[in-house]
Amino acid sequence: VRGAVRSDGDARGLDQLLHDSRLHALLDELDTTLWYRPHPLAEQDIRGLGGRVRLATNDALEADGLLFYEALGSADVLVTDYSSVWIDHLLTDRPMLAFCPDLDLYRAGRGLALEPHDAWFPGPVVQDVEEFFGQLERALRDPGADAARRADRRRLLHAGATDPVARTWDCLEAR
């Protein structure tokens with residue numbers, strides 16, 4: 001990876017979440033694995049988080065015989081922040097939620113391509129750990145909860161487009 005380590009945003013909320021015993025209890029209860037894929041330029045360490053949280057870097061996935069988009073396609077729920085990976089994940093029609101504890105800081109600094117973020121995102125956008133747990137459990141137990149919203153975003157960003165990147169760009173230019 002080339003480039004400077006990312007310093008925008010605030011990873012403390014994510015670090016707090018990954019080390020929260022309630023996350024591990026929920027993952028155990030639902031027999032679920034959380035695959036964590038840090039930004040390539042972010043410094044984050046997940047050692048000591050137990051067997052239910054696994055690293056999803058390209059090297060770690062390849063060691064398990066997987067590619068990133070194979071893992072993404074099999075995910076029951078996508079948890080992301082500001083990454084555009086959710087646009088690709090829309091094609092699976094599976095739940096997703098955005099964990100954005102630093103939303104205001106990120107918005108004021110780097111900015112977001114699709115604003116308002118909570119209006120564009122096809123699932124809940126949460127900023128605190130308490131709400132995250134409730135929304136994650138909801139997504140895992142009721143995958144159809146936000147199906148209409150996902151279908152609407154899929155229609156806006158994918159339907160009839162042979163080039164989803166160009167269609168997204170068209171949506172941005174229309175703003």
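The values are calculated or read from the model by the stated rules, or taken from the named source; none is laboratory data. The structure displayed is predicted, hence computed values, not measured ones. Don't worry about glycine lacking a Cβ; one is built from the backbone with ideal geometry, like all the others, and counts go over all protein chains shown. Just the protein is used for accessible areas: all its heavy atoms, side chains included, with ligands, DNA and RNA removed. Shrake-Rupley method; radii C 1.70, N 1.55, O 1.52, S 1.80 Å.
A few notes on this one:
- 5 angstrom amide H check on Val125, placed H, neighbours 5+ away: Ala98
- Taking the accessible area of the chain, probe 1.4 Å, and keeping the other protein chains in place, the carbon and sulfur fraction comes to 50%.
- Across the chain, the mean sequence separation of Cα contacts (distance under 8 Å, 6 or more residues apart), normalised by length, yields a relative contact order of 19 percent.
- Value of Rg/Rh across the chain [Cα atoms, Kirkwood radius]: 0.94
- Rolling a 1.4 angstrom probe over the protein heavy atoms with all chains in place gives the chain an accessible area of 57 Å² per residue.
- Cα Rg, Dmax, region 27-106, angstrom units: 13.1, 38
- Extent along the principal axes, Cα only, for region 56-153: 39, 31, 27 Å, with the longest axis given first.
- Phi-derived couplings, Karplus 6.51 cos²θ - 1.76 cosθ + 1.60 at θ = phi - 60°, listed residue by residue for region 101-108: x, 10, 3, 5, 5, 5, 4, 6 Hz, with x used for Gly and Pro.
- Protection proxy ranking of 16-27, 59-70, 79-90, by the mean of other Cβ atoms within 10 Å over each peptide's residues and highest first, is 79-90, 16-27, 59-70.
- Sites Asp31 and Leu67 - FRET efficiency at Förster radius 25 Å, r taken between beta-carbons, to 0.05: 0.55
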